[in-house]
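For reference, the structure is listed below as structure tokens.
The values are calculated or read from the model by the stated rules, or taken from the named source; none is laboratory data. Owing to the predicted nature of the structure, the values given are computational and were not obtained by experimental measurement. Glycine gets a Cβ as well: all are built from the backbone with ideal geometry, and neighbour counts include every protein chain shown. Heads up: the accessible areas ignore ligands, DNA and RNA and are worked out on the full protein's heavy atoms, side chains in. Shrake-Rupley method; radii C 1.70, N 1.55, O 1.52, S 1.80 Å.
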Amino acid sequence: MKNYSFYQFAMTVRGRHDDKGKLAEEIFNDLAFPKYDTEFHTLSDYIETHGDFSVSMSVFDDLYEEYTEWLKI
């Protein structure tokens with residue numbers, strides 16, 4: 001199992017032409033984003049309460065699910 005943060009995973013989807021890619025770009029541009037966190041609730045709370053994220057939380061949920069699957073590969 002891989003040992004990468006959600007931020008590190010999100011950087012692998014930057015450049016996609018979908019909402020997940022847009023979220024990854026917004027995470028990249030948010031200098032205060034918790035770059036070393038891996039926990040869903042910590043990251044979800046941050047996105048809901050900090051920054052100016054323009055995508056819905058369901059996009060984060062889907063991207064986080066993709067992250068957990070990616071860790072298993």
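Pull out the extension gain between residue 65 and residue 28, defined as 0.36 nm times the separation in residues minus the alpha carbon to alpha carbon distance; nm, one decimal.
Fully extending the segment from residue 65 to residue 28 adds 11.4 nm.
Given a 1.4 Å probe and heavy atoms of the protein chains only, how would you sort 49, 42, largest accessible area at the top?
Highest to lowest solvent-accessible surface, that is 49, 42.
Return one whole number: the accessible area per residue of the chain in Å², for a 1.4 Å probe.
With the other protein chains kept in place, the chain gives 63 Å² per residue.
Per DSSP helix of 4 or more residues, -39500 (n - 2.57); summed, then divided by the residues of the chain. What does that give at 222 nm, rounded to the nearest 500?
-19000 deg cm²/dmol
Just checking my list [x] 32, 26, 21; [y] 40, 26, 16; [z] 35, 23, 19 against Cα extents along the principal axes in Å computed from this structure; which label fits?
So the calculated entry is the one marked [x].
Using a 1.4 Å probe over the heavy atoms of the protein chains, calculate the carbon and sulfur portion of the accessible area of the chain as a whole percent.
50
Counting only C-alpha contacts under 8 Å and six or more residues apart, can you give the relative contact order of the stretch 6-72 as a whole percent?
35
Roughly how many nanometres apart are two label points built 7 Å out from the Cα toward the Cβ at residue 72 and residue 4?
1.7
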